[in-house]
Structure formats: structure tokens, C-alpha cells
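Bear in mind that the values in this text are calculations on the coordinates, not laboratory data. Worth saying up front: this structure is predicted, and the values here are computed from it rather than measured. Cβ placement follows ideal geometry from the backbone for every residue including glycine, while neighbour counts extend to all protein chains displayed.
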Amino acid sequence: MLLDLDPASGLSHSDLPQVEHEFAENNLERLMSANTRSLIVGNWKMNGLRHAVAEIEAIAHGYDARLRRACEFIICPPATLIHLAASAALGTRIGVGAQDCHIEASGAFTGEISAEMLADCGASTVIVGHSERRSYFAETDGDVKSKAQAALRAGLMPIICVGETNSDREAGRTLAVIKRQLSGSVPHEAGSTSIVIAYEPVWAIGTGLTPTLADIAEVHRFIHRDLATILGAERAGSVRILYGGSVKPSNAREILAVEHVGGALVGGASLKAADFLAIANGARAEA
């Protein structure tokens, strides 16, 4: 089964974090359902020149009162466009974020950008631990935690990414891998509103493949429960967990309706305003 824990790890579904001594089961369920607005984050990756900022203006034009009731928007362009994007988003209620940051505030780190610099450019959020950073740049869980801590010190909200590779999936190690990544990547001092978790199955990114809705629900529920052992029940129950991995207009509505899914981390489909808005329209309006 896709989401079985690795038997060699000594973990099983019966070993899911037991935190009843800390909070009642129904209390966690109540906290997890408290966030009724979906968070839709666009990760532009290494795409976009100055003219691409017009897409943010187009998104703002379509971000009407109904959508504002249903969801929040954050766009994460390349670092070269953050200042322009923040200017374009001024007064629109659209947030602007970055795609990575360095662990230090300043220093002799040629080519790097600190969280403080990103905040100074107008960013309010930063993605850390994206699978492409973990894979192509060999970033470890410890690196991701240090970047998340740097973001928090600078007043930025880190979006901490976790997810399994195809080999992990085929070996039935999905939950074991995510448990390890959460334990190593999430700062224990983080508050419930100061971080976001993004679950991105690596094998689904850019492939057009997606897990089943039942699998997405199981992983998101597991993340919430495991976060309770790291942050405590009150903080963990209010953390939003996004799904990322080939989210597009054709599947957004059903994914965003899955229990425990607090929004979406959107890749290529966020480059065009029409596609991004179509995905956002899949979010259910606040009751």
C-alpha cells in the first residue's frame, strides 16, 4: 500500500503519535477545522522577467470579494522580481513570498540572499525545503530547519516542504520519511500562525500524476498528528497544511475539498493568472 510505514523502521499505523495525554481527540479535530480559508501559494520557480509582474496585476483583478472569503493568495516569484511584485500587490491583499533564503542574516556568502533582505524587498513568506532544493542542492532536514528559523527571526512565515520520492513510495516508506522530515525540519519554537507545512509528493511534481484523494487525506491527517508531538496540540491544530504536486484547474476542486487540506502549493499552473484563479475557484467559500 502506498502509505504503509517501512517495517524495518519499527513503525506501523498503530504507532502513530499517541498524544491523548496532552489533549482530547475531539479537541484536535476542532482545531484542525478552524481554518476555513484555503491558502493558495504560487511558486514561480526560476521563471519570469519583469513583464511577468502583469500576471500578479491580473490575479489581483480577479481576486474578488467571493474569492477573498474562500482563500488567501501568496505569489512567490524569483528573487529578482520580489520588489516589483510587492509593489504590484500593494493594497490587493495578495502576499508576496520568496523561494529560499540563507541561514545567516548577512556575511561573506556570495550569491546568497538572507531572510532579512527578502523582508526588506517586501516578502512576507519564504518557501524552505522544497524538493528541488533537497534534491538538486543536497539540503538536509537540518538545513531546512535552520532556514525556517532564519525566516522566523526576520519576521517571515516559512512554508516548510516535506514529501516522499517515488522510491520511498514504492517501498511503502511515505509516512516514515515524512515523520523524519517533520522532526528534523520544523522548529520547535514555531507558533501555529507563523509556519505552514506543504506536503509535496516528489514523484507527482511536474509529472501530471497525483496520489488518490484517500492517500492525500491520510498523509495530511498524519502530518497534523505528528506536528502535535513537536509543537503541542494547540499550535499543531491550527497549522495549515498545503498539498503540492501537479495541482491544476482540472483537479483543484476535489483536492481542496479533501479533509485536512488547508490549501495548495502550485507550481507551473501559477505562472498564468487564468490558471491560478481557476485553481483558487476550487476552494470552498467560508461558511
For a label point 7 angstrom out from the Cα of N251 toward its Cβ, which stretches of the range 204-234 have the backbone nitrogen within less than 18 Å?
204-221
Can you tell me the orientation of helix 141-153 relative to the chain, as the angle in degrees between its alpha-carbon axis and the longest Cα principal axis, to the nearest 10?
50 degrees
Report the residue, chosen from S114, S270, S250, that carries the largest GNM mean-square fluctuation when the chain is represented by alpha-carbon nodes joined by springs under 10 Å.
S250
What list of ³J(HN,Hα) values in whole Hz, one per residue of the range 203-214 in order, does the Karplus curve 6.51 cos²θ - 1.76 cosθ + 1.60 (θ = phi - 60°) give from phi, with Gly and Pro shown as x?
5, 9, 6, x, 9, x, 8, 9, x, 5, 4, 5
Restricting everything to alpha-carbon atoms, can you work out Rg to Rh for the chain with a Kirkwood hydrodynamic radius?
0.95
Between the range 36-52 and the range 86-154, how many Å separate their Cα centres?
14 Å
Measuring from label point to label point, each 7 Å out along Cα→Cβ, what is the S87 to R153 span in nm?
3.0 nm
Between the modelled labels at A274 and Y136 (7 Å from Cα along Cα→Cβ) the distance in nm is 2.8 nm
Output the Kirkwood hydrodynamic radius of the range 128-251, Cα pairs only, in Å rounded to one decimal.
14.6 Å
Relative contact order of the chain: what whole-number percent is it, with Cα pairs under 8 angstrom and at least 6 residues apart?
24 percent
Zone reached by a paramagnetic label modelled 7 Å from E170 Cα along Cα→Cβ, restricted to the range 202-226 with backbone N below 20 Å, covers 202-212
Filtered GluC sites (Glu not before Pro), the range 70-143: DSSP coil and at most 16 other beta carbons within 10 Å
E104, E112
√(5λ) per eigenvalue of the Cα gyration tensor, the range 213-287, largest first, Å
25, 12, 11
Once both axes come from the Cα atoms, what is the angle between helix 174-185 and the longest principal axis of the chain, in degrees from 0 to 90, rounded to 10?
60 degrees
Report the relative contact order of the range 131-287, percent, no decimals, based on alpha-carbon pairs under 8 angstrom and at least 6 residues apart.
20 percent
Pairs K45/K248; K147/K272; K145/K272; K45/K145; K147/K248; K145/K248: which exceed 25 Å Cα-Cα?
K147/K272; K145/K272; K147/K248; K145/K248
Whose amide H sits under 5 Å from the amide H of E72, counting only residues 5 or more places off or on another chain, with H placed in the peptide plane?
S38, L39, I40
Sparse-neighbourhood loop sites, GluC sites (Glu not before Pro) in the range 164-200 - DSSP loop, at most 14 other Cβ within 10 angstrom:
E189
Note, ³J(HN,Hα) from phi for the range 95-102, Karplus 6.51, -1.76, 1.60, rounded to Hz, x at Gly and Pro
x, 10, x, 10, 9, 5, 8, 8
For G244, residues with placed amide H under 5 Å, excluding near neighbours:
Y199, E200, L265
